[in-house]
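Have a look at the structure below, then the notes.
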Amino acid sequence: MNYRHSYHAGNHADVLKHAILLRMLQLLQRKEAPLCYLDSHAGTALYDLSGEQAGKTGEYRDGIGRLWSREDLPALLAGYREAVARHNPDGQLRLYPGSPQLLADHLREQDRMILSELHPEDAATLKQHFAAQAHIAVHQRDGYELPKAFLPVAEKRALWLLDPPFEKGDDLQRCVQAIQTGIQRMRQTVVALWYPIKDERQLKAFYQHMAEAGLPKVLRVELSVRPTDTSLGLNGSGLMLVNPPWPLWEELEQVLPWLSETLAQSGPGSWRMDWLAGEP
Ligand SMILES: C[S@@+](CC[C@H](N)C(=O)[O-])C[C@H]1O[C@@H](n2cnc3c(N)ncnc32)[C@H](O)[C@@H]1O
């Protein structure tokens, strides 16, 4: 396990993932009924952007950094920036909340959260960080086991972020299988799977697998900050959203063009959004 999210916290991929994840939580919370948030590859709670690791790559500067002082943010992104600003009360961008912290900040009394993280250091940090919060459970275990271990949840409503580091060649395949298992165990689970846009051939097979996996509704959302054939690293990323709450896709019609323009690097950015299964 070499991947450390601290090098990448707050980059363009985190902006896309966290802004949409937070909005999905808020839309699901329009109903009073309790909700369980599951984060199978949780990372840690807070990232120090002035620290050595984030400083080494500086990726956050071309991510959350580009949104930090803008006055023309679409509403969905303004909500996300406000959530980050909560951890930076003096207005200087120094701390970045990872998905567990971002969601923990927005849970209601009736909601609960299950986190799994395999890296011993991050898992220990998470356990300590959330120790006083009985509604947050932290497990040091393989995130792919999460659907079998925890679904269906007693609340009957679940939001699940699947966000592996993609260090291994079969991660996309394992994700599709894990989602299939999860949906078989609890059909109404809302899933957000994050994936990198790097290898177009591998992605083609993945799209087909997602479309044919027997899932109720699948919305594909992608944002590229560079032309996708640039060999500079992570050109873009996507989210596969299973059972996304309405009217998320209508809001994203405004947000994605804005983001692709604002986060573009060395060439024009681009975006797309379409249904791979069950268009409403
Ligand atoms: C992309 S990062 C997570 C970022 C986090 N979800 C966020 O949005 O702030 C992926 C994390 O998965 C962890 N990890 C790697 N393999 C894992 C596995 N099999 N099960 C659970 N966690 C794993 C890594 O240690 C890393 O912290």
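Please treat every number below as a calculation from the coordinates, not as lab data. What you see is a predicted model, and the numbers here were worked out from it, not measured in a lab. When we count neighbours, we look across all protein chains shown, and the Cβ atoms used for this are built from the backbone with ideal geometry, even at glycine.
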Which residue, chosen from Thr181, Leu22, Gly51, occupies the Cα position most advanced towards the positive end of the dipole of the stretch 5-277, where the dipole is computed from +1 (Lys, Arg) and -1 (Asp, Glu) charges on Cβ about the Cα centre?
Thr181
Please name which of Gly238, Pro257, Ala9 has its Cα lying farthest along the dipole of the chain towards the positive end, using unit charges on Cβ (Lys, Arg +1; Asp, Glu -1) and the Cα centre as origin.
Gly238
Starting with the highest mean, order 246-253, 120-127 by the number of other Cβ atoms within 10 Å, averaged over the residues of each peptide.
120-127, 246-253
Rg followed by Dmax, in Å, when the chain is reduced to its Cα trace
17.5, 49
Rounded to 5, the percent of DSSP beta bridges in the stretch 5-277 classed as antiparallel
60
Given springs between every Cα pair under 10 Å in a Gaussian network model of the chain, which of Asp14, Asp62, Asp199 has the largest fluctuation?
Asp199
For a quick check, take a GNM of the chain with Cα springs below 10 Å and name the residue from Gly143, Gly236, Gly91 with the largest mean-square fluctuation.
Gly91
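Decide, for the stretch 163-239, between rounded, prolate and oblate: order the square roots of the alpha carbon gyration tensor eigenvalues as a ≥ b ≥ c, take rounded if a/c falls under 1.5, and otherwise choose prolate if a/b is larger than b/c, else oblate. Working shown, then result.
Numbers: a/c = 2.19, a/b = 1.92, b/c = 1.14.
In terms of gyration-tensor shape, prolate.
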222 nm [θ] for the chain, helices only, -39500 (n - 2.57) per DSSP H run of 4+, per residue, to 500?
-10500 deg cm²/dmol
Work out, in µm²/s and without decimals, the Stokes-Einstein translational diffusion coefficient of the stretch 112-208 at 20 °C, 1.002 mPa s, Rh from Kirkwood over C-alpha pairs.
146
